[in-house]
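The structure appears right after this line, and notes come after that.
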Amino acid sequence: MNTGFGSWLLGISLGASALGGMLGVASSIVLAATTFGSALLYSISGFGFAVLAAPLFLLFLDPARAIQLIIIISTVLSMVVLRGLLPAVAPRLLLRLALGSVVGLPLGLIAFRYADPILVRAAAGAMIFGFAILMAVLRRRSGQPGQSKHWTAFAMSPGLDLAAGAVSGFAGALVGQPGPPVLIYLLLAGAAARTVRATLLAFFALSYGVTLASHTATIGIPAPTWLAAGILIPFAFLGGLAGRPIGDRLGAEAFAMLAIALLAVAGAYTLGAAAVAFATA
């Protein structure tokens, strides 16, 4: 399914089958729809753009371009969605997560530069699938995702805050997904739902911004990637705007079932694709 980044960019920007090829145009439509849908769910829940977008991005693009596109789009989207939630941010928690992320980020950049593309796909799939399993377990134990009223795995501490941030920084640089490690940590610790959402969004804005700057300064982001991001960002904005009224009407239980199903399918599919690529390599 990998049609090449160049043909995909031509297809999405010009819409000409002679230039991008029919498969390239189809890939463009799928990626635009993926961006819209991921942003919509992100607006509803406050998390998950990269988790939901990464599987299909990785199917149609090489890992380097896919991850950098996700980082660019997520940086812009997180800054926009954060507006209005700043009073609910826990500043000290945010600071410790950010400091930990700075420690993990260089390790993730090194792995990104030298990692096998198949292993990157497998890592992304495993993270997504594991996240889906955890959400399902928490849903059974606490009734609703993000509200662990009756069960927590541990109490939060400054050391664990730093560790969660470090894992997040590593994951953000390697597979463009800094959110799941921090979200899993806060859910396991039983943090208040509003604090989780606001702190996550603030952390995403900082983490993605730093990761984007690091990629630009160390690895480099080609001009076609910036152009492609500019084409996809409007779809992200539209998804974010559409998600606001839907979030007010969709019940927590219905959203939980939808999110867990999407995460499980996406993670399993990405892992399967990585396994097939490994077997045929």
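The values are calculated or read from the model by the stated rules, or taken from the named source; none is laboratory data. Nothing here was measured: the structure is a model prediction, and the numbers come from that model. A quick note on method: Cβ atoms are made from the backbone with ideal geometry, for glycine too, and the neighbour counts reach across all protein chains shown.
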How many of the residues in the stretch 50-75 are crowded, with 19+ Cβ neighbours inside 10 Å and either in a loop (DSSP other than H, G, I, E, B) or β-branched (Val, Ile, Thr) (or both)?
8
How many residues does the stretch 55-91 contain that are under 15 Å from the mean Cα position of the chain (by Cα) and of a type in the set (Gly, Ala, Ser)?
4
Can you name the residue in the stretch 117-166 that is over 30 Å from residue 64 (Cα atoms) and charged (D, E, K, R) and is also modelled with the highest pLDDT among such residues?
140
Could you grab me the full set of residues in the stretch 6-49 that are closer than 18 Å to residue 226 by Cβ, at pLDDT 50 or above and buried (at least 21 other Cβ atoms within 10 Å of the Cβ)?
28, 31, 35
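Just checking, which of 217, 205, 228 is of a type outside the set (Asp, Glu), at pLDDT 75 or above and closer than 18 Å to residue 94 by Cβ? Even if it seems obvious, please write down each step before you answer.
Details: 217 fails: closer than 18 Å to residue 94 by Cβ; 228 fails: closer than 18 Å to residue 94 by Cβ.
Being of a type outside the set (Asp, Glu), at pLDDT 75 or above and closer than 18 Å to residue 94 by Cβ holds for just one of 217, 205, 228, which is 205.
Restricting the search to the stretch 167-202, which residues are outside any helix (DSSP H, G or I), in contact with a helix residue (DSSP H, G or I) (Cβ under 6 Å, 6 or more places away or on another chain) and modelled with pLDDT of 75 or more? Outline the logic, then answer.
So the first thing to find is which residues in the stretch 167-202 are outside any helix (DSSP H, G or I), and the list is 176-178, 189-192.
Restricting the remaining residues to those that are in contact with a helix residue (DSSP H, G or I) (Cβ under 6 Å, 6 or more places away or on another chain) gives 176-178.
Result: 178, single match.
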Within the stretch 76-130, restricting to residues that are surrounded by fewer than 16 Cβ atoms within 10 Å (Cβ to Cβ) and among the charged types (D, E, K, R), the one that is farthest from residue 229 (Cα to Cα) is 92
